[in-house]
Amino acid sequence: MTMLVTGSSGHLGEALMRTLRASGRAAVGLDVIPGPFTDEVASIADRALVARSMKGVDAVLHAATLHKPHVATHARGAFVETNILGTLILLEEAARARVRAFVMTSTTSAFGDALKPPPDEPAAWIDERVAPVPKNIYGVTKTAAEDLCQLFHRNERLASIVLRTSRFFPEEDDDAAARKSYADDNTKANEYLFRRVAIEDVVDAHLLAAERAPAIGFKKYIISATTPFKPADCARLRVEAPTVVSLRAPGWEGEYARRGWRMFPSIDRVYYNALARQDLGWRPKWDFAAIVRRLRDTGDIRGALAKQIGAKGYHAERFEGAPYPVRTS
């Protein structure tokens with residue numbers, strides 16, 4: 001099976017290309033930015049190039065996108081061109097080339113305001129039944145691209161799987177309060193409880209989705225580390241999260257104390273990945289307990305693949321006091 005990987009110079013795209021080539025599988029990398037795993041340097045909105053790149057391809061892993069960090073630095077039209085038009089062109093050319101599987105990388109950010117319950121309400125339990133309420137152009141264009149995947153399955157019989165991934169980027173948090181209050185790895189380790197996933201597990205989900213797509217047809221899945229929490233925990237998570245964590249995932253306390261780390265006092269949402277595990281046969285290896293064990297054994301929460309790729313950033317320029325400027329609209 002030959003795979004076309006879009007966004008091959010990005011964090012996930014490179015992870016996919018590294019994994020595919022390390023296993024001897026044929027893969028073509030496409031990205032607007034040159035990189036060691038990018039074979040074609042062009043925009044996914046370039047139809048002629050996309051059509052040429054689709055020849056001999058069995059599956060498309062579509063990771064190319066403008067991200068949330070670009071909201072304050074790029075025009076809304078650029079999001080429409082990349083995230084919607086680019087996806088449309090890929091789908092049209094994939095259907096024309098009779099590609100057997102199309103896997104689109106989406107985002108749990110698409111849920112938008114559904115992720116933020118009022119302060120006096122329980123944490124939001126987020127599974128595939130929750131309707132997205134996009135809060136910026138990033139969320140709007142990603143949900144539109146998801147709908148295009150569904151449309152092409154309906155009308156063109158193109159097997160299409162949408163993977164809504166939670167956080168896997170290595171860059172610093174965009175929230176200034178979080179950066180001030182917690183060491184970066186402390187924040188990321190905490191997030192494995194409810195809103196983060198290891199890059200190795202994201203890669204596995206994409207490869208499984210490409211295999212299973214023809215049998216599934218079309219579906220959307222949440223891709224996040226397996227949470228130890230239950231829906232009944234949601235009220236207590238808002239007011240006494242450390243107590244709930246000690247109940248559901250004990251064993252972290254000593255390692256955190258030794259490092260001067262802290263658990264978040266409140267958790268406002270929990271991503272639930274059961275449907276992806278059920279349908280895709282996905283078995284994510286890195287939950288919070290496994291991350292704490294790796295931290296204790298190696299002194300690092302990152303795995304080998306994450307270390308190989310490193311932090312890429314989202315912009316050529318640097319911004320004083322923050323990883324990137326933040327705007328919500």
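Since every read-out is calculated from the coordinates, none of them should be taken as a lab result. Since we're looking at a predicted model, the values are computed, not measured. Cβ placement follows ideal geometry from the backbone for every residue including glycine, while neighbour counts extend to all protein chains displayed.
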| said: Connecting C-alpha atoms closer than 10 Å in a GNM of the chain, tell me which of 134, 231, 284 has the biggest fluctuation. | reply: 231
| request: Determine the relative contact order of segment 88-229: mean sequence separation of Cα pairs under 8 Å and six or more apart, normalised by residue count, in whole percent. | output: 32
| said: Under the rule a/c < 1.5 gives rounded, and otherwise a/b versus b/c splits prolate from oblate, where does segment 1-105 land using the Cα gyration tensor? | reply: oblate
| request: Taking amide H positions as placed in the peptide plane 1.01 Å from N, state which residues far from residue 269 in sequence (5 or more) or on other chains have amide H under 5 Å from it. | output: 124
| query | For the residues 37, 79, 102, what sequence is obtained by ranking on other C-beta atoms within 10 Å, fewest first? | reply | 37, 79, 102
